[in-house]
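Shown next, in structure tokens, is the structure this report addresses.
The values are calculated or read from the model by the stated rules, or taken from the named source; none is laboratory data. Everything quoted here is computed from the prediction, not taken from an experiment. Every residue, glycine as well, gets a Cβ built from its backbone with ideal geometry; the counts of neighbours run over all protein chains shown. These area figures cover heavy atoms from the full protein model, side chains too; ligands, DNA and RNA do not enter into them. Shrake-Rupley method; radii C 1.70, N 1.55, O 1.52, S 1.80 Å.
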Amino acid sequence: MRPPARRGRRLALPALLSLLTCSLAFALVSKDVKKEVKQSKNLEKSGISEKNDIDLKGIAFVIQSQSNSFHAKKAEQLKQSILKQAADLTQEVPRVLLLHQLAQQEGAWTILPLLPHFSVTYSRNSSWIFFCEEETRIQIPQLLEALRRYDPSKEWFLGKALHDEESTIIHHYAFSENPTVFKYPDFAAGWALSIPLVNKLTKRLKSESLKSDFTIDLKHEIALYIWDRGDGPPLTPVPEFCTDGVDSSCATTFHSFLPLCGNPVKKKDIFVAVKTCKKFHGDRIPIVKQTWAGQAGHIEYYSDYADSSIPTVDLGIPNTERGHCGKTFAILERFLNHSYDKIAWLVIVDDDTLISISRLQHLLSCYDASEPVFLGERYGYGLGTGGYSYVTGGGGMVFSREAIRRLLASKCRCYSNDAPDDMVLGMCFSGLGIPVTHSPLFHQARPVDYPKDYLSHQVPISFHKHWNIDPVKVYFTWLAPSEEDRARQETRKGFKEEL
């Protein structure tokens, strides 16, 4: 599947028009939103008036795992923790599923395509499907106690609620009149669907195909699909679904440590490629040098113009206003064939990307550079109709040398110099059977585009765009190495995992 030839940074024109129309519709039905939320509160009151009998065999756990060896191991550890807690409670062993093992199709991580399977498999003997991330920590007794408040014969969508403070591009400016009105779940705290809701969504999926071209922020898009413009339930916030873990009543908590698996990767083992062009040499490159460039052991600036004062490397690829596929593949070729052959990792960023190299060193310690690793913030294109996942370029794309070797050994290339590079790479890697490895610590947008509660349990690695912000201030607020970083890592080293 060829990616769309023209996007306004991340959206095909038909998709953008559709989304803008959708955004307008959301604004027009804002009164209906408030009405639906009020009805939900009344429903919750009626649904939690008495305790509902439920045990572990009534819950199917789904860990939102990934096939990369590091992530698969973390998910397996969480699975064993759940099973051990069940044994300690002398309860029947629950079903614990790893998402990456459930289906081989490209879009399984988007959850919705798997709901028919859950409906067929679990609707008879289960009351809930409970989803969580691999770093979510679950206290089974508290989880059972929390779920018993909700009548499992009704349609429930439960989670820790997030909301936008202002309308944002990553949510296509939905609910622009009042962004705070729409709630969506923080996956890190876990979220749950009652089986009646799973069955209802399955019927809808069978009668109408998924329409969205792009998968940008899955948690928001799932909430929109379930809400269905007021025909479905909005998210019901559950106080026991937590990320900070300060309350003893929390059924879930989330470890926000920056992953560290042994010693951080050395700076000399990471090559940083900055994509730029002549018109941005004067305003963007000085910000790169003022902020994060000094952390990099190897860094080169690739442009359409050789400027010795920076210096930049002219790759012989004309600058393009839309995608930068020709330039990106030239960078990959140069890294593999003409750069230092001992360097394990390549990071490609835009000239308006803000990134923490020191945190990236910690993160990469958890990945094996001998494996084909393609790492960053995962988006999807056409996943409902056999599309592919890709790493969105603005937040930074990380490649192991082995991934680049396999890519360039294939015949998959740009169909034009101005094709969207990140999407072509996603298409190529998908064809090679190399999955995108997702990290939510990379960000395609600015800090103001994400909920504060969401960022509060992250140690971010990157942000993107200088629009309407002070990028230097953003860097030193969010990404600069600090004593807190070092203390956090010492805590991590001394922390005994309960798994």
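Which count do you get for residues in the stretch 329-350 that are open to solvent by less than 50 Å² (accessible area, probe 1.4 Å), assigned to a loop (DSSP other than H, G, I, E, B) and not hydrophobic (A, V, I, L, M, F, W, C)? Count: 1.
As for the stretch 67-82, it holds at least one residue that is open to solvent by less than 30 Å² (accessible area, probe 1.4 Å), in a loop (DSSP other than H, G, I, E, B), modelled with pLDDT of 95 or more and touching a strand residue (DSSP E or B) at 6+ places or on another chain (Cβ under 8 Å).
In the stretch 162-209, of all residues being among the acidic types (Asp, Glu) and touching a residue at least 12 places away in the same chain (Cβ under 8 Å), the one that is surrounded by the fewest Cβ atoms within 10 Å (Cβ to Cβ) corresponds to Glu166. Could you look through the stretch 247-274, keep only residues that are of a type in the set (Gly, Ala, Ser) and more than 21 Å from the chain's Cα centre (by Cα), and pick out the one that is nearest to Val288 (Cα to Cα)? If we take residues in the stretch 247-274 being of a type in the set (Gly, Ala, Ser) and more than 21 Å from the chain's Cα centre (by Cα), then Ala273 is nearest to Val288 (Cα to Cα).
The single residue among Val96, Val62, Val120 that is modelled with pLDDT of 95 or more, surrounded by fewer than 17 Cβ atoms within 10 Å (Cβ to Cβ) and aliphatic (A, V, I, L, M) turns out to be Val120. Among the residues making up the stretch 282-328, those that are part of a loop (DSSP other than H, G, I, E, B), open to solvent by 60 Å² or more (accessible area, probe 1.4 Å) and in contact (Cβ under 8 Å) with a residue 24 or more places away in the chain are Tyr305, Pro318, Glu321, Arg322. Candidates are the residues of the stretch 390-405 that are among the aliphatic types (A, V, I, L, M) and within 15 Å of Met427 (Cβ to Cβ); the one that is surrounded by the fewest Cβ atoms within 10 Å (Cβ to Cβ) is Ala403. Every residue in the stretch 359-372 that is of a type in the set (S, T, N, Q) and under 21 Å from the mean Cα position of the chain (by Cα), please. Residues satisfying the conditions are Gln361, Ser365.
Here is a yes/no grid of residues against (1) touching a Ser or Thr at 6+ places or on another chain (Cβ under 6 Å); (2) among the basic types (Lys, Arg); (3) closer than 16 Å to Tyr475 by Cβ; (4) modelled with pLDDT of 95 or more:
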| site | (1), (2), (3), (4) |
| --- | --- |
| Gly282 | no, no, no, yes |
| Thr291 | no, no, yes, yes |
| Tyr302 | no, no, no, yes |
| Asp307 | no, no, no, yes |
| Ile317 | no, no, no, no |
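With respect to Tyr381, is the statement that it is open to solvent by 10 Å² or more (accessible area, probe 1.4 Å) and closer than 27 Å to Tyr225 by Cβ true? In short, yes. On inspection, Leu218 qualifies as closer than 19 Å to His438 by Cα, surrounded by 19 or more Cβ atoms within 10 Å (Cβ to Cβ) and aliphatic (A, V, I, L, M). For the stretch 416-459, the tally of residues that are closer than 29 Å to Ser370 by Cα and not aliphatic (A, V, I, L, M) stands at 18. Residue count for the stretch 129-157 satisfying the condition of being more than 19 Å from the chain's Cα centre (by Cα) and within 26 Å of Leu441 (Cβ to Cβ): 2.
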